[in-house]
Each structure stands twice: as C-alpha cells, then as structure tokens.
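Structure, as structure tokens:
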Amino acid sequence: MESTLPQMAATALFNVSLAWTVGVLASRFWLMKETAGWQKTVDKRLSSAMATGLIACIGGVFLSLWTESAVMGDVAWLKAGPAFAEALASTHYGHAAAAAIALLVIALGVHLMLKAPSSGMGYPGSLTALLMLVAAARVTIGHAYEHGPFSLAVSVEWLHLVLMSVWTGVVFVAAWIVLPRVLSAEVAPTKAVAAYLTLMSNWAAVALAGNLATGAYNAYRVLDSPRQLVEAEYGQVLTFKLCLMVIAIALGGFNKFVGLPAATSRRGLRTVIIVLRIESGALLLVLMAAAALTGSAPPG
C-alpha cells in the first residue's frame, strides 16, 4: 500500500527532527572543551534546539502511527483514536512507535537533567545511546525488517539512517545556529571556530562516504536492475534523491576546499554560512525524498 501525503509528512518530520537532534548533539560535544566568549551564547541556543528537536521527533512518531492507523482502519483522520489505540496495543508498528516515543521521552528527561556544560561525558554518551536506539526502533517498521530483525538489511538500513542524520544534522546546526552566533559576536574567527569547522567538515565527509556505501547496498537490495531508476516510481524518487545529494556534495566540497580556508576572516565565514544554508536546503529535500521512499513499495 502506498503512503498518503500525511504519512510522508509525518515521516519527513521524524527524519528532519532526528537529524536536527543528532547535529545539536555533535556540536555540543565538539564545543565541550572550548572556552571562547561566544560559546555560552551558542550553548544556550543548542540546549533549546535539542529540546525542540526531541519534542518534534516525538510528534513525528506519534503522527506517523496516528495517520497509519487512520489509513488501516479506513476512518477519518480526526476519528482515528480507537484505531490508534488498537494499533499501539496489538501491532508491530505500534510497538515500535511506543518504544521510540518512550526512548525520546527518556532522552528529553536526560537532556533537561544533564544539559549544563559541567555534566561532562554523561550528557553526550546518554543521548547518543538513546538516539541510536530510536533509529533502531524506526528501522524495524521499514522494508528491511522483512529480512529479519538481525539481518544484514536491517543493520545497513539502521547505519544508513544514522549516517544520514549525522551528515544532514551537522550541516543544519552549523548553518542556522552555531556559525551565525559566531558571526553576530562581532569578533574575528578564532582557533575555536577553525576547530569547529574542521570537525564539522570531517564528520560530514565520513558520514557522507558511509551514507553512499549503505545507500548503494540498499539500492542493490531493492532494485532488480538499473533501468528501474527511471522506469519505476520508486526508482524515480531515488534518482531525484541522488541528484539532490550530488548538489549537496558539490556545495560541501566547495566549502571544504575553498570556503573553510577563507573562514579566518568574517567575510570568509559569511560565505561559508551562505553555502551551508544552500546545502541545508538541498539536504532538507533529500530527507523528504527519503520519507517518500520509506512509504513506497520497492519494485521487487
């Protein structure tokens, strides 16, 4: 059964909010040992962004199950309460959603208790473990789960989701929170800024490489031949996603080899931010295309 627009919207909300929280977590981890003057302002913004991301992620999971329940029960969306309760209690989809929501609520509690910079490694360690489990719960309601809960397909799909979240998340957070706060501090970029940019670029590059490898395996698993990239609807969406990724890769490459070396000046940093924001727009569309693929039946 093909997904409806509300189902794809709910999945897209989850994809984007998970990436956002992963990006915030990575940025807070990178800045733990830095003592630059702009860091306090950035850390406060990152703390608020984490709470917002976790709440949005909970909303994405809830809305996804609610909409699925309305479709499966063949009832109006606003009248899906009984079908939702039934799905939550008696279906694999409901159990996975309940687990994801519980993990996200725990993550929100951990964030509120340990969000102070003095919490040390307890904060990033706990949040990382919880978010990885959330990603695992999400994968169990995808196409790969048909091969078994501990299959290679599920493992690769989980890794693909995690790596996509890392790549997109660090770009989102750098473009819209961290670097704009640095620029508004009206000081010349410091070594702390250079260290942050280097870590962001390196993590994004590693995540991209892993994402391409796991994505290639997933495409090999679900497509019978390369022709289905243009002949099948699923393949067309995948092709659109790949085109967007190529654009994002080109923008990231420009920043890595041209933008970052020039970011020692405020003008250079401003250029990096502009390119990152364009890249974040392309990656947002990538996550939306991924949501469409999640809700579509592969050709096989």
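The values are calculated or read from the model by the stated rules, or taken from the named source; none is laboratory data. A quick note: this is a predicted structure, and the numbers were derived from the prediction, not measured. All Cβ positions, even for glycine, are placed from backbone atoms using ideal geometry, and neighbour counts span all protein chains on display.
Annotations
- Put simply, of Ser27, Ser17 the only residue that is of a type in the set (Ser, Thr, Tyr), under 30 Å from Val75 (Cβ atoms) and surrounded by 21 or more Cβ atoms within 10 Å (Cβ to Cβ) is Ser17.
- Test result for Trp66, in a helix (DSSP H, G or I) and over 17 Å from the mean Cα position of the chain (by Cα): yes
- Top-ranked residue in segment 215-231 [being of a type in the set (S, T, N, Q) and surrounded by 17 or more Cβ atoms within 10 Å (Cβ to Cβ); ranked as nearest to Ser151 (Cα to Cα)]: Asn218
- Meets criteria (in a helix (DSSP H, G or I), farther than 22 Å from Val237 by Cα, among the β-branched types (Val, Ile, Thr) and more than 16 Å from the chain's Cα centre (by Cα)) for Val182: yes
- Residue identified as in a helix (DSSP H, G or I) and touching a residue at least 24 places away in the same chain (Cβ under 8 Å) among His160, His95: His160
- Residues located in segment 98-116, provided they are part of a loop (DSSP other than H, G, I, E, B) and either surrounded by 15 or more Cβ atoms within 10 Å (Cβ to Cβ) or in contact (Cβ under 8 Å) with a residue 24 or more places away in the chain (or both): Lys115
- Only one of Ala185, Ala192 that is small (Gly, Ala, Ser), over 29 Å from Tyr93 (Cα atoms), touching an Asp or Glu at 6+ places or on another chain (Cβ under 7 Å) and surrounded by fewer than 21 Cβ atoms within 10 Å (Cβ to Cβ): Ala192
- Any hit, segment 44-58, residues being modelled with pLDDT under 95 and surrounded by fewer than 16 Cβ atoms within 10 Å (Cβ to Cβ): yes
- Subset of segment 234-252 (residues that are small (Gly, Ala, Ser) and either modelled with pLDDT under 95 or over 16 Å from Ala282 (Cβ atoms) (or both)): Gly235
- Scanning segment 8-38 for residues that are β-branched (Val, Ile, Thr), assigned to a helix (DSSP H, G or I) and closer than 30 Å to Lys191 by Cβ yields a total of 3.
- From Gly210, Gly259, residue being out of contact with any Phe, Trp or Tyr (no Cβ under 8 Å at 6 or more places or on another chain), closer than 16 Å to Ser280 by Cα and either surrounded by fewer than 22 Cβ atoms within 10 Å (Cβ to Cβ) or modelled with pLDDT of 90 or more (or both): Gly259
- Residue count for segment 20-44, restricted to those that are in contact (Cβ under 8 Å) with a residue 12 or more places away in the chain and in contact with a Pro (Cβ under 9 Å, 6 or more places away or on another chain): 8
- Some residue of segment 76-87 being not in a helix (DSSP H, G or I) and not polar (S, T, N, Q): yes
Rundown of residues vs (1) within 16 Å of the chain's Cα centre (by Cα); (2) among the aliphatic types (A, V, I, L, M), yes/no style:
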{"site": "Val16", "(1), (2)": "yes, yes"}
{"site": "Ala19", "(1), (2)": "yes, yes"}
{"site": "Ala26", "(1), (2)": "yes, yes"}
{"site": "Leu31", "(1), (2)": "no, yes"}
{"site": "Ala36", "(1), (2)": "no, yes"}
{"site": "Lys40", "(1), (2)": "no, no"}
{"site": "Ser48", "(1), (2)": "no, no"}
{"site": "Cys57", "(1), (2)": "yes, no"}
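- Selection status of Val42, within 20 Å of Val134 (Cα to Cα), hydrophobic (A, V, I, L, M, F, W, C) and assigned to a helix (DSSP H, G or I): no
- The set of residues in segment 146-157 being free of Cβ contacts under 8 Å to residues at least 12 places away in the same chain and either touching a strand residue (DSSP E or B) at 6+ places or on another chain (Cβ under 8 Å) or in a helix (DSSP H, G or I) (or both) consists of Glu146, His147, Leu152, Ser155.
- Counting only residues that are free of Cβ contacts under 8 Å to residues at least 40 places away in the same chain, more than 29 Å from Val22 (Cα to Cα) and either of a type outside the set (Ser, Thr, Tyr) or touching a helix residue (DSSP H, G or I) at 6+ places or on another chain (Cβ under 8 Å) (or both), segment 71-92 holds 14 of them.
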